[in-house]
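Below is one structure, written out as structure tokens; comments come after it.
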Amino acid sequence: MKTEYLSMKEIERAAGWIQKGETVAFQTETVYGLGADATNKKAVQKIYQAKGRPSDNPLIIHVARRAQVLEYCEDISPQAKMLMDAFWPGPLTLILKAQKNKLAIPVTAGLDTVGIRFPATEAAQKLIRLAGVPLAAPSANTSGRPSPTTAHHVLHDLDGKIAAVLDSGPAQVGLESTIVDLTAGSVPVILRPGGISREAVEEVVGPVSVSKPDLQKSDIAKAPGMKYKHYAPDEDLFIVDGPEEDWREKILDLKDEGQQVGIIANEDLTAELGSIIQASYSLGRKGDAESAASRLFDALRHFEKTGVTVILAEAYPETGLGLAYMNRLDKAADHRYL
Ligand code: TXA
Ligand code: MG
């Protein structure tokens with residue numbers, strides 16, 4: 001299949017592909033998604049095929065009107081409504097009880113619940129409205145690779161495997177939505193930290209619990225996707241969670257072993273260490289977790305043609321978007337620290 005590269009002017013063509021049961025990658029505020037008609041079984045299966053995604057890992061559906069929630073979900077609690085009021089359209093996915101007969105079976109992968117979200121970008125909203133159906137959409141990367149924040153990332157992974165990519169520039173938040181499960185009891189559970197901070201969720205619904213990454217590794221994972229290998233770059237990646245003074249010594253040790261070192265760190269550190277490393281990617285101003293979160297996935301794809309063999313990445317405090325940043329980085333590094 002030849003993948004069409006489309007601009008926003010050609011969005012009707014993109015919607016046409018969806019209506020014909022094909023897959024189209026589109027920009028959301030979090031990352032690029034790979035969309036298909038959530039009510040068409042064959043179309044949804046094409047998402048799994050293109051990504052090489054395990055079939056037990058359910059998809060999120062994307063809507064462009066609040067009323068569509070009533071069509072595809074039930075038992076919508078007051079807490080769910082408060083979260084929609086506060087954060088939709090935006091980077092928040094709610095897990096609710098599904099009206100399963102309305103959705104293609106592979107969307108929910110056999111669960112009684114479904115993840116639903118109302119994305120904030122014009123590209124996403126227009127595409128959903130023009131197609132006239134909700135879009136099932138995971139991140140538009142090959143399973144296991146860093147999620148795509150640009151159309152270029154999408155093509156790198158999926159060129160020739162999807163009908164089209166609709167390019168409307170880089171995704172702003174840069175990592176995926178926060179997933180809140182409202183079906184687990186009276187206390188909402190954050191299954192995946194993301195673009196809306198835990199603190200912001202708690203301001204709206206009070207205390208929440210956060211599902212532990214270790215639990216997510218087991219077979220009884222609440223968000224099934226969390227147990228798989230994720231976000232891994234081709235190079236060896238380690239997290240550095242120590243004083244900046246230690247970086248130099250760690251880098252020199254690696255070089256003694258014959259490694260070519262790359263670093264992902266704040267702009268002061270990348271500048272300071274520039275002379276002893278092979279390549280670097282700046283996360284922005286020191287301590288700015290929002291900036292770090294928005295750049296992480298691009299950073300993880302950055303070293304491909306640089307000759308780097310080992311990447312060191314800076315740890316951030318787990319507050320605000322730092323929680324989501326560390327969640328992704330920890331998975332990408334397979335929990336390895338140096
Ligand atoms: O920001 C995002 O959420 C992006 C954009 C494209 O919207 N989408 C995204 O989808 O990250 P994906 O498929 O890459 O990640 C969705 C996660 C997976 O870990 C999946 O297992 C989990 O959500 N999930 C989906 N449906 C679920 C359900 N009913 N219960 C629990 N977890 C669910
Ligand atoms: Mg994904």
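Just a few scattered comments:
Per-residue answers, yes or no, for (1) crowded, with 20+ Cβ neighbours inside 10 Å; (2) more than 16 Å from ligand 2 (Cβ to nearest atom); (3) not assigned by TED's automatic domain parsing to the domain that holds N40:
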position: Q99; (1), (2), (3): no, yes, no
position: A109; (1), (2), (3): no, no, no
position: G115; (1), (2), (3): yes, no, no
position: F118; (1), (2), (3): yes, yes, no
position: E122; (1), (2), (3): no, yes, no
position: K126; (1), (2), (3): no, yes, no
position: R129; (1), (2), (3): no, yes, no
position: A136; (1), (2), (3): yes, no, no
position: S139; (1), (2), (3): yes, no, no
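- Wholly within segment 232-314, strands (runs of 3 or more DSSP E) carrying at least 1 residues that are buried (at least 21 other Cβ atoms within 10 Å of the Cβ) and touching a residue at least 24 places away in the same chain (Cβ under 8 Å): 236-240, 261-265, 310-314
- Test for S55: is it in contact (Cβ under 8 Å) with a residue 60 or more places away in the chain, open to solvent by 20 Å² or more (accessible area, probe 1.4 Å) and under 30 Å from Y325 (Cα atoms): no
- When segment 141-161 is filtered for residues that are closer than 12 Å to A50 by Cβ, more than 12 Å from ligand 2 (Cβ to nearest atom) and in contact with a Pro (Cβ under 6 Å, 6 or more places away or on another chain), only V154 remains.
- For P89: the one exception among (1) away from ligand 2 (no atom under 16 Å from the Cβ); (2) in a loop (DSSP other than H, G, I, E, B); (3) crowded, with 23+ Cβ neighbours inside 10 Å: (3)
- Set side by side, the residues I95, I60, I18 differ, and just one is within 15 Å of ligand 2 (Cβ to nearest atom), on the phi < 0 side of the Ramachandran plot and touching a Gly at 6+ places or on another chain (Cβ under 7 Å), which is I60.
The values are calculated or read from the model by the stated rules, or taken from the named source; none is laboratory data. All of these numbers come straight from a predicted model, not from anything done at the bench. Positions of Cβ are backbone-derived with ideal geometry, glycine not excepted, and every protein chain shown enters the neighbour counts. What goes into the accessible areas is simple: the full protein's heavy atoms, side chains included, and nothing from ligands, DNA or RNA. Shrake-Rupley method; radii C 1.70, N 1.55, O 1.52, S 1.80 Å.
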